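Accompanying notes for the structure given below.
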Amino acid sequence: MSASTFLGLAASAWAVMMALAPLLQVREIRARGSSAGVSAATYRVLLVGFGLWVAYGLADGNVVLVVPNAFAAVIAVLTLGVISRHRLRQPAQIPQPEPQPPAPAGASSAPSPP
């Protein structure tokens, strides 16, 4: 096996692993019940890039480019689906402490000197 073939296969295998990274974000979204604070635009930009690399790989007959980018595109579409589905939900409500009534006028919260 040539060094070029080995590096191509290693890079392609690692690209598949990198494509799985958005699933960590999906796990966090599902745990919180909301995708607030997650940029869907980022995944849209990535999706365009993956599509371009797949097209280039197909045109060049380069499976090392096609496979990981097609896989990453599928993961990006799934991630966008989770983001959009959880945009419609309200985030979990965190209970807030009860407000304290104001202190009477002239009352000090500092301890009196001995």
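The values are calculated or read from the model by the stated rules, or taken from the named source; none is laboratory data. These numbers come from a predicted model, not from an experiment. Positions of Cβ are backbone-derived with ideal geometry, glycine not excepted, and every protein chain shown enters the neighbour counts.
Summary table
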{"item": "Of residues in the range 22-62 being of a type in the set (Val, Ile, Thr) and touching a residue at least 40 places away in the same chain (Cβ under 8 Å), the one farthest from Arg87 (Cα to Cα)", "result": "Val26"}
{"item": "Entirely in the range 1-107, the helices (runs of 4 or more DSSP H) that have 3 or more residues that are at pLDDT 95 or above and surrounded by 12 or more Cβ atoms within 10 Å (Cβ to Cβ)", "result": "40-60, 63-87"}
{"item": "Inter-residue pairs, beta-carbon under 9 Å, first under 10 Å from Phe71 (Cβ atoms) and in the range 3-21, second among the aliphatic types (A, V, I, L, M) and outside any helix (DSSP H, G or I), 6+ apart", "result": "none"}
